[in-house]
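I have placed the structure first, in the form of structure tokens, so that the comments after it can refer back to it.
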Amino acid sequence: MNNVGISYDHPEYFLVMEDGANRCQALVDCNINSMLKVTRAILPSMVAKRKGAVINMSSFSAMGAPLLSVYSASKAFVMQWSADMEMEYSAKGVTVMCAYPYYVVSNMSKIRRANWTTPTPRAYAVSLLCVKVN
């Protein structure tokens, strides 16, 4: 599962982001480039075995999130790239899927306790896989 990501410290306009150029580069490096590198590292063995699965984590924000525009765009990339990779590699026995969670208990969301609308990471992962994980 490709589950890495950084966002903004708080919603803000693109041109007033503190250290904007470096922050934008960090968002792209973490949210896009790291996923590409990990997938490039693991995909050849999956193709050789003709079996495997890649689960990429996007975000509900991929549908648009004003004041989080670079984060939102990076997660939209994950969404589109995953769909395209599924088309490219499904015939080779590799499944590629993308999840679009809303809020999950995490440091990024700043939500500390699960509730009926916000699962723990484990509960969310189990719901994606539809299996019990011990």
**Asked** Within the range 124-133, is there a residue that is open to solvent by less than 30 Å² (accessible area, probe 1.4 Å) and either in contact with a Leu (Cβ under 7 Å, 6 or more places away or on another chain) or without any contact (Cβ under 8 Å) to a residue 24 or more places away in the chain (or both)?
**Response** no
**Prompt:** Out of the residues in the range 17-34 that are of a type in the set (D, E, K, R) and outside any helix (DSSP H, G or I), which is most open to solvent (accessible area, probe 1.4 Å)?
**Reply:** GLU18
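Quick one: which of LYS75, LYS37 is charged (D, E, K, R) and either within 24 Å of PRO11 (Cα to Cα) or not in a helix (DSSP H, G or I) (or both)? Write out each step before concluding.
Values: LYS37 fails: either within 24 Å of PRO11 (Cα to Cα) or not in a helix (DSSP H, G or I) (or both).
On inspection, the qualifying residue turns out to be LYS75.
Might you check whether a residue that is closer than 14 Å to SER7 by Cα, among the acidic types (Asp, Glu) and surrounded by 13 or more Cβ atoms within 10 Å (Cβ to Cβ) occurs anywhere in the range 82-93? First the steps, then the outcome.
Keep residues of the range 82-93 that are closer than 14 Å to SER7 by Cα, which gives none.
There is no residue in the range 82-93 that is closer than 14 Å to SER7 by Cα, among the acidic types (Asp, Glu) and surrounded by 13 or more Cβ atoms within 10 Å (Cβ to Cβ).
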**Asked** Identify, please: which residue in the range 62-87 is touching a residue at least 40 places away in the same chain (Cβ under 8 Å) and hydroxyl-bearing (Ser, Thr, Tyr) and is, among those, farthest from CYS30 (Cα to Cα)?
**Response** SER69
**Prompt:** Can you pull out the residues in the range 71-81 that are within 14 Å of ALA99 (Cβ to Cβ) and surrounded by 20 or more Cβ atoms within 10 Å (Cβ to Cβ)?
**Reply:** LYS75, VAL78
**Prompt:** Would you pick out the residues in the range 58-70 that are open to solvent by 20 Å² or more (accessible area, probe 1.4 Å) and under 11 Å from the mean Cα position of the chain (by Cα)?
**Reply:** PHE60, SER61
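If only one of LYS51, LYS110, LYS37 is at pLDDT below 95 and open to solvent by 80 Å² or more (accessible area, probe 1.4 Å), which one is it?
Working: LYS51 fails: at pLDDT below 95; LYS37 fails: at pLDDT below 95.
Checking each option against the conditions leaves just LYS110.
The values are calculated or read from the model by the stated rules, or taken from the named source; none is laboratory data. This is a predicted model, so every value here is computed, not measured. Positions of Cβ are backbone-derived with ideal geometry, glycine not excepted, and every protein chain shown enters the neighbour counts. With ligands, DNA and RNA removed, areas are computed over all heavy atoms of the protein, side chains included. Shrake-Rupley method; radii C 1.70, N 1.55, O 1.52, S 1.80 Å.
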